[in-house]
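The block underneath contains the structure these notes are about, expressed in structure tokens.
The values are calculated or read from the model by the stated rules, or taken from the named source; none is laboratory data. Just so you know, these numbers come straight off a predicted model, no measurement behind them. Cβ: placed from backbone, ideal geometry, glycine included. Neighbour counts: every protein chain shown.
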Amino acid sequence: MISASMAYNMLTGNMKQSLDRVASQATVKRDAEYYKDNINKVKDVDDFLGNYRLYSYAMTSYGLDDMTYAKAFMKKVLESDLTDPNSFANKLTDTRYKEFAAAFNFNSPAADAQSDAQEDDLIGLYTQSFADENKTAASETSYYSKAIDTVQNVSDLVGNSRARAYVLKAYGIDPTYVSKDFLTQVLTSDVNDPNSFVNVNGNDKYRALAAQFSFNADGTVNGAAQTAAQKSTVMEQYNLTVPSTVTQAAADYNKAYYLSKIGTITNVSDLVGDSRLASYVRTAFSMGDLSNAALKLVLTDANYANTLGYGDAHSAFNFNSDGTIDSAAASYTAQTSEQMGAMAGMASAASSYYQSKIVTVTNVDDLIADPKLTRYIKNAYALPQTLSDADLKSVLTDSTYAAALGYDNVHAAFNFLADGTVSGAGAQSTAEARSTSSAARANLDYFQNKIGSISNVDQLIADPKLTSLIKAAYQIPADISDAALKSILTDPSFASTQGFSNVNAAFSFASDGSATAASGPQSSEQLLLTTQNYNARYDDVQKDEIDKAVANYKDRMSDDNIKKVDDFLRSNAAADLNKKNDDLPDPYQMALRAYGLTEQDVPRSTMRKLLKSDPYDPNGYVASFKDDRITNLVRAFNFGSDGKITSELQALPAAVMAKYATEYKSRATMGMADGSLKDKAAKDATTAVKDFAKGMAEVKSLDDFLKNDKLTSFVLKANGLDPKKYDKATLKKIFTSDPSDSKSYLNTKADAKFKEIVADFNFDSKGELTRAKIGAIQNTGAEDRTKQNYLQQTLETQQGESNDGVRLALYFSRKAPDITSLYSILGDKALFQVITTTFSLPSGISSMDVNKQVDLLKKFVNLDDLQDSKKVDKLLKRFTAMYDLKNNTSSSPAMTILTGGKSS
């Protein structure tokens, strides 16, 4: 009989070749082929247990062949939730059962059209889309404002796709279906000529659009393509109609409209008859969709208003019961409504200029050199317009100086360093610039609500907040005297000589400085209350509608409601008997909006095909669209090719994550004695496991995984590998290798443990998520591992038939990397025999106290050494030699060396 030492050396000298020989055996080959062909045809756990050939193959593979008879027991193992520490398999001390359960998908996550995380992501995107509309509208308006000023021919506008889309969308016209030639003829038409192109071929939308341009018939312009009023009208129209919700810009336009019109109202019917004014009032006082008739009664009948809970709305107006205005409530016309609106436009222009310029400032001197910017800042932060440039510079760059003057809030609003340069965030971050603009807007609110109480120009001059805004809006020198400003406001001739006729025209002071009294529907205080309420509540309705839509979405998407694609695509009206949600967007519409798509982009029929397709297949139907929005949309749902719900594709299956968690915890406390240090290590490991689960939930690609050092480190440590030895580039080479290519980096350069790790993850060779590795019952990685384990077990069994020492050595070699406790050796008869034989320990030690046995083993076994394949091999060569010596095996070179050539 060949010695254990020689046999072990021969087998491990080329383990692949040894296993290949086993695999080529007829019976082994036949069983492996049967398993591969049939394992994923199994319907459920009972079907699996009932197929003895499959079941016994798997049991043998995981060293559980002696438990094949215990089907009821194994069913409980296979149905265990490995993510639950109290599940049946997790409570068993023998880790083989946990490994066995992890190899199959009998307790994979339940099928769900959307996981909680996917649902939260979609709802987040849906909600964010409304905020993004605000930003987009502001960005497009800013672009248009600049672009239209450069247009000298109609072709300049029509040829600019972004500006062209802006004007068409402003009037509710889809740019997709409008040719450049048609639009050119519309814009060069004379709207006053009934036979012009736009009047003959266009509808009301095109006529309204054409009216806002000043192109000649040949497309040229006389000065500009639009007057200031036309330009303002188009931008107002865009902000009022394109965003699906009321943006801040739209709210500002609505406020300006209200202020410009409310002073002209002489009867409640005038107000209610103007839908825009009525809407403003309803919003300001949270009246919802109150009818015009009810609104009229609220404004004229105190008892009725109080009955409906709208007493504050009634008190905000001065209407008599017959709808006329109570003339006793007087205000003053220092500015007419039109003048107030025009000044609001000037302030808005100043704000736009500031927003566009502040982002380009890289040094405080650049800012100080621009009086438009300095005036704006002084106005926004209530600094004296007479504050010198040197003082303002010091405020912006020196926090101590700013604090001494009481302007530390101004210093904090900017990012200037002491030398005047800016930090990486720029002169102001987006949030800081927005805050400055909000402060300026608040000053405008103050002005507009205060001006109605000004009865004399001296009252205005005496209020620095009012004069500061006027100087900033009209670019009046900061050092102009109060007397000169007073003359500009009251004397048209003087204003003209100073170049400020526009300032004089913006007010209605008489030459003696007085402002005429005028009765109106609101006093200045009432007007202030109304506009403040509107500013606070203009988006309440839309927020409420969003909340209702989200609540409906969650209800529609609940587990009991969505079982297949068609359930998802049903409208709210068709999906249930609840009529209250019929007017809300249905899940299909919300999903489209969340990913920036429309029903024109993805009709329901197309959506049905998309959701039945694999969004991770690089050659599939979803990929054929070459649109990331569509890909991400489909990946937000879990439907199979049959249209039925399935489970979410995860980078790492839940069972594997549970296995990694167990291994990580074991290795974290490996070799540590009981006590505070071990307790802390165990606690830290538990925290790391939780963090790993959260981090993996965000992983959608290999790059996502590799860029998170905590995740990669966790996986490597869980598998007994040192994270310090593997950088991101090396890991990427490993994960993108072809496992089936014997010459790939994975198979030639990487540690053998990486084959299992790579197989565990659902990444393809490009690092993208893939369903190709997922099987109905067993994933490809687990299937390959089952086959490999079977070959290893068969090799050990066959070798044991002729020499049990070889079997023990092969078994120890396979188990060594997973040994994290000396108690594991004590609890495994085969492992214990290898150690006692290797170090000639007496058999009687097994009757010693367990803790004393552990103390004894510590003298011979270093757990860290068991993670080193070379040290394990050295130990096993000693074992086989000692085994041969103990069993008097002949022809053992190792034994000859150890005994010096003497025979016993």
Next item on the list: Considering only residues that are out of contact with any Lys or Arg (no Cβ under 7 Å at 6 or more places or on another chain) and aliphatic (A, V, I, L, M), look in segment 154-182 and name the one that is surrounded by the fewest Cβ atoms within 10 Å (Cβ to Cβ).
Entry: VAL178
Next item on the list: Inspect segment 410-430 for any residue being modelled with pLDDT under 90 and assigned to a helix (DSSP H, G or I) and give the result as yes or no.
Entry: yes
Check: Within segment 135-252, which helices (runs of 4 or more DSSP H) (wholly inside it) include 2 or more residues that are closer than 29 Å to ALA284 by Cβ, touching a helix residue (DSSP H, G or I) at 6+ places or on another chain (Cβ under 9 Å) and in contact (Cβ under 8 Å) with a residue 60 or more places away in the chain?
Finding: 161-170, 228-241
Next item on the list: Working only within segment 1-44, note down all residues that are among the aliphatic types (A, V, I, L, M), out of contact with any Pro (no Cβ under 8 Å at 6 or more places or on another chain) and either assigned to a helix (DSSP H, G or I) or under 25 Å from LYS755 (Cα atoms) (or both).
Entry: ALA4, ALA7, MET10, LEU11, MET15, LEU19, VAL22, ALA23, ALA26, VAL28, ALA32, ILE39
Next item on the list: Any chance you could count how many residues in segment 132-156 are in contact with a Ser or Thr (Cβ under 9 Å, 6 or more places away or on another chain) and among the hydrophobic types (A, V, I, L, M, F, W, C)?
Entry: 3
Next item on the list: Name the single residue, out of those in segment 353-398 being surrounded by fewer than 19 Cβ atoms within 10 Å (Cβ to Cβ) and among the basic types (Lys, Arg), that is farthest from ALA473 (Cα to Cα).
Entry: LYS393
Notebook entry, point to check: Would you say LEU721 is of a type in the set (A, V, I, L, M, F, W, C) and modelled with pLDDT of 95 or more?
Noted result: no
Next item on the list: Answer with yes or no whether LEU746 is within 20 Å of LYS773 (Cβ to Cβ), of a type outside the set (Gly, Ala, Ser) and assigned by TED's automatic domain parsing to the domain that holds GLU663.
Entry: yes
Item checked: Selection within segment 135-153 - surrounded by fewer than 17 Cβ atoms within 10 Å (Cβ to Cβ) and under 24 Å from the mean Cα position of the chain (by Cα) -> LYS135, THR136, SER139
Item checked: Any hit, segment 519-542, residues being over 30 Å from ASN267 (Cβ atoms) and modelled with pLDDT of 85 or more -> no
Margin query: Please count how many residues of segment 839-879 are crowded, with 16+ Cβ neighbours inside 10 Å, polar (S, T, N, Q) and either over 19 Å from TYR811 (Cβ atoms) or modelled with pLDDT of 95 or more (or both).
Written below: 1
Checklist line | Enumeration of residues in segment 311-342 that are in a loop (DSSP other than H, G, I, E, B), modelled with pLDDT of 85 or more and buried (at least 16 other Cβ atoms within 10 Å of the Cβ) | finding: ALA316, PHE317, ASN318, GLY323
Checklist line | Count - residues of segment 584-635 that are on the phi > 0 side of the Ramachandran plot and out of contact with any helix residue (DSSP H, G or I) (no Cβ under 9 Å at 6 or more places or on another chain) | finding: 1
Item checked: Cβ-Cβ under 7 Å pairs, at least 6 apart or on other chains, segment 811-836 side farther than 16 Å from LYS859 by Cβ, far side in a helix (DSSP H, G or I) and among the charged types (D, E, K, R) -> TYR811/GLU796; THR820/ARG667; LEU831/LYS815
Notebook entry, point to check: Any residue at all in segment 50-57 that is among the aliphatic types (A, V, I, L, M), buried (at least 18 other Cβ atoms within 10 Å of the Cβ) and either modelled with pLDDT of 95 or more or assigned by TED's automatic domain parsing to the domain that holds ALA693 (or both)?
Noted result: yes
Checklist line | Qualifying positions in segment 260-271 - part of a helix (DSSP H, G or I) and either closer than 17 Å to ASP326 by Cβ or not assigned by TED's automatic domain parsing to the domain that holds ASN318 (or both) | finding: ILE262, VAL268, SER269, ASP270, LEU271
Notebook entry, point to check: Do we have GLY695 as in contact (Cβ under 8 Å) with a residue 12 or more places away in the chain and in contact with a Pro (Cβ under 6 Å, 6 or more places away or on another chain) here?
Noted result: no
Item checked: Selection from segment 687-729 of residues that are loosely packed, with under 14 Cβ neighbours inside 10 Å and hydroxyl-bearing (Ser, Thr, Tyr) -> THR687
Notebook entry, point to check: Do you know which residues across segment 727-755 are part of a helix (DSSP H, G or I), more than 18 Å from MET696 (Cα to Cα) and not aliphatic (A, V, I, L, M)?
Noted result: THR730, LYS733, TYR745, ASN747, THR748, LYS753, PHE754, LYS755
Next item on the list: Return yes when MET346 is outside any strand (DSSP E or B), within 27 Å of MET287 (Cα to Cα) and modelled with pLDDT under 80 and no when it is not.
Entry: no
Next item on the list: Could you grab me the full set of residues in segment 575-616 that are in a loop (DSSP other than H, G, I, E, B), closer than 23 Å to SER647 by Cβ and without any contact (Cβ under 8 Å) to a residue 24 or more places away in the chain?
Entry: PRO615
Next item on the list: Test VAL410 against the criterion of being within 22 Å of SER352 (Cα to Cα), crowded, with 17+ Cβ neighbours inside 10 Å and in contact with a Phe, Trp or Tyr (Cβ under 6 Å, 6 or more places away or on another chain), and give yes or no.
Entry: yes
Margin query: Being in contact with a Phe, Trp or Tyr (Cβ under 6 Å, 6 or more places away or on another chain), over 23 Å from GLU133 (Cβ atoms) and surrounded by fewer than 20 Cβ atoms within 10 Å (Cβ to Cβ) is true for just one of SER571, SER605, SER613. Which residue is that?
Written below: SER613
